[in-house]
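Contents: one structure, followed by commentary.
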Amino acid sequence: MKISDTLTNQKKELEYSDKVRIYLCGVTVYDQSHIGHARTIIVFDTLRRFLEGNNIPVELIQNFTDVDDKIINRAKEQGESANGLSRKYIQTYFEDSDRLNIKRATNYPKATEHIDDMIDLIKNLVNNEIAYTSKNGVYFRVSKFSDYGKLSKKKTEDLESGARIEVDEAKESPLDFALWKFSEEPPNWNSPWGKGRPGWHIECSAMSIKYLGKNFEIHGGGRDLIFPHHENEIAQSESFTCEQFAKIWMHAGMITINGEKMSKSVGNIKSINHVLESWGPNVARLFCISGHYSKPIDYTEDLLKENLIKLRQIETCYYELRLAEEQEQSEDISLLLVESREKFDAALNDDFNTPLGLSVFFNMIKTINSFAADEKITKQMAKQALPVLEYMLEVLGIKVQTVSDEEVKSIFDLINKRETLRAEKQFEEADKIRDQIAGLGISLIDHKNRTLWMKKEPIKAENQ
RNA sequence: GGUGACGUGGCAGAGCGGUUAUGCGUGAGCCUGCAAAGCUUAUCUAAAGGGGUUCGACUCCCCUCGUCACCUCCA
């Protein structure tokens, strides 16, 4: 598999020995997460599913930043402890994540539970004079890291003249960033330099090294983290280990609204909860991988609607295969299946090109659905096709609604009753039964010689 | 101001130096008791603008214009 590496600006072969180790920068837990956060998570979840679907073990570490000025300020506003607030939003995060059908990461380390690891790392930097203490805290001496700027392609001179950096006379250079901030107020911890709390970037260095080692395969996050967060992580980590940090830097594009980045400060947020309520998890997932992961996706109702229609096609296909009956005619679809699987994998293997992969996927679905419409899907074909479809659904994280055996039985009885009525041309009565079936969440499709039933995901936005 | 990315048909969105991407939408037709879904076919014969390289460019190079992101917390 090849992945575009932000550091080298090239597609790099993903090399690994026993497993692929991924560190994903998670969220700062001070509020509900929005669909932009979801996009990044979905991209990496889908990547992980793809690797695992091809028998490549993955270790995925995703952190929670649970100590930070924003959390502290928000907690103060709400008269709550910082810890209580972050816990609450961690819980919300997991609720969102589960509903989005995100596989749980291997571990979700929290900053507050790794203070000692951070202190050890800072100690090392201080001892090597890469970090220094000032009256406000401990700072990283950027001038000691000659590669500074290599990820974000920035020159230190340009940054200095940028003049948008906070003015802090206690720092040797405006570029230096905090490893440890002194604070007498909680949340704070003891350190060799004084009471305080960690700077933002140090947690990811400490935790990624702790869980994944000094160099691991992929470090990911949103594009907006490239500078300064990931740049600073590289500086800290490589100063500490004297080795190359992550092998590949993979960054997900932003979700925009009217071409503008979704963010709290602009106030154009669509929360994950909101999107899930209106469109459900499958549409949300399809939407989030409908463009290449590295590019922005503009949030529009039209685009969500388009993905809803696609979900319906998937559901139709799934049930056509599941409920296939014996037919007189058939087609040979082995080649279609083999080619679809190959092209799907090839698309994802080439820099995780999900839009291309999806086009292969929907081509296959369209073809199968067209055979189904012509009464050409046999049990034998379905048996061949289902594993391929299910593999792709598993990779994409799409969950089609299923029904229990008892439900199947009652649905079956109702359908038979309706068929009898239809044969007798008692259409009003037949329609009543159809409504009754619809009440169970089941939709019917009348084919020439049979009636297909399917359980569609209820989508609120569809009826509006 | 600096850095990076991008500009493809009504919309979304890929690949590729010479062949239909694909999907959605739209028109017509088929199927159906109706509905839904599906099918067939058509539609749009796209490449921001201007140069250049080439036998040939949407694809490579240059310029102009435009959009966005980062340079401050940010997925």
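Miscellaneous remarks
- Debye equation applied to the C-alpha atoms of region A:301-396, log10 I(q)/I(0) at 0.12 Å⁻¹: -0.38
- With each label modelled as a point 7 angstrom along the Cα→C-beta vector, the A:GLN91-A:GLU325 pair spans 5.1 nm.
- Taking the accessible area of region A:2-273, probe 1.4 Å, and keeping the other protein chains in place, the carbon and sulfur fraction comes to 43%.
- Per residue accessible area in Å² of chain A, where ligands, DNA and RNA are left out and the probe is 1.4 Å: 46
- The HN-Hα couplings worked out from phi for region A:104-113 by the Karplus form 6.51 cos²θ - 1.76 cosθ + 1.60 (θ = phi - 60°) are 4, 5, 4, 7, 10, x, 10, 4, 5, 9 Hz, whole numbers, x standing for Gly and Pro.
- Largest-first ordering by accessible area, 1.4 Å probe, given options A:LYS376, A:LYS19, A:LYS417: A:LYS417, A:LYS19, A:LYS376
- DSSP bridge analysis restricted to chain A gives an antiparallel fraction near 55%, rounded to the nearest 5.
- Scalar couplings 3J(HN,Hα) for region A:406-417, obtained by applying the Karplus form with A = 6.51, B = -1.76, C = 1.60 to θ = phi - 60°, are 5, 4, 4, 5, 5, 4, 4, 4, 5, 5, 4, 4 Hz; x denotes Gly and Pro.
- One decimal place: the segment A:LYS150-A:GLU342 gains 65.5 nm when fully extended, by the rule 0.36 nm per residue minus the C-alpha distance.
- Rg ratio for region A:234-284: its Cα radius of gyration over 2.2 N^0.38 Å, N being its residue count, equals 1.81.
- Share, in percent, of DSSP beta bridges within region A:108-259 that are antiparallel, nearest 5: 70
- Under-5 Å amide H pairs with A:LEU24, H placed in peptide plane, nonlocal only: A:ILE61, A:GLN62, A:ASN63, A:GLY220
- Centre separation in Å (Cα based) which lies between region A:281-309 and region A:210-268: 23
- Only alpha carbons enter this Debye calculation for region A:405-463, each as an equal point scatterer, and the log10 of I(q)/I(0) it gives at q = 0.19 Å⁻¹ is -0.69.
- Kirkwood Rh and Cα Rg combined as Rg over Rh, evaluated for region A:7-110: 1.05
- Positive-end residue of A:LEU159, A:PHE177, A:SER191, charge dipole of region A:127-243 with Cβ unit charges: A:SER191
- Note on A:LYS448 and A:ILE56: with the Förster distance fixed at 41 Å, the Cβ-Cβ geometry gives a FRET efficiency of about 0.35.
- Taking the convex hull of Cα positions in region A:2-273, its mean projected area over all directions (nm²): 14.7
- Whole-Hz ³J(HN,Hα) from phi, Karplus 6.51 cos²θ - 1.76 cosθ + 1.60, for region A:44-61, glycine and proline x: 6, 5, 5, 4, 4, 5, 5, 4, 5, x, 10, 6, 9, x, 10, 10, 10, 10
- Computed over Cα pairs, the Kirkwood radius of chain A leads via Stokes-Einstein (1.002 mPa s, 20 °C) to a diffusion coefficient of 86 µm² per second.
- Taking every DSSP beta bridge that has both ends in region A:2-273, the antiparallel portion is near 55%.
- Calculated Rg and Dmax of region A:142-241 using C-alpha coordinates, Å: 14.5, 39
- Region A:113-145: trypsin sites (Lys or Arg not before Pro) in DSSP loop, at most 12 other beta carbons within 10 Å: A:LYS135
The values are calculated or read from the model by the stated rules, or taken from the named source; none is laboratory data. It should be emphasised that the depicted structure is a prediction, and the values quoted were computed from it without experimental measurement. With ideal geometry, Cβ positions are generated from the backbone for all residues, glycine too; neighbour counts draw on all protein chains shown. SASA here: full protein model, heavy atoms, side chains in, ligands and nucleic acids out. Shrake-Rupley method; radii C 1.70, N 1.55, O 1.52, S 1.80 Å.
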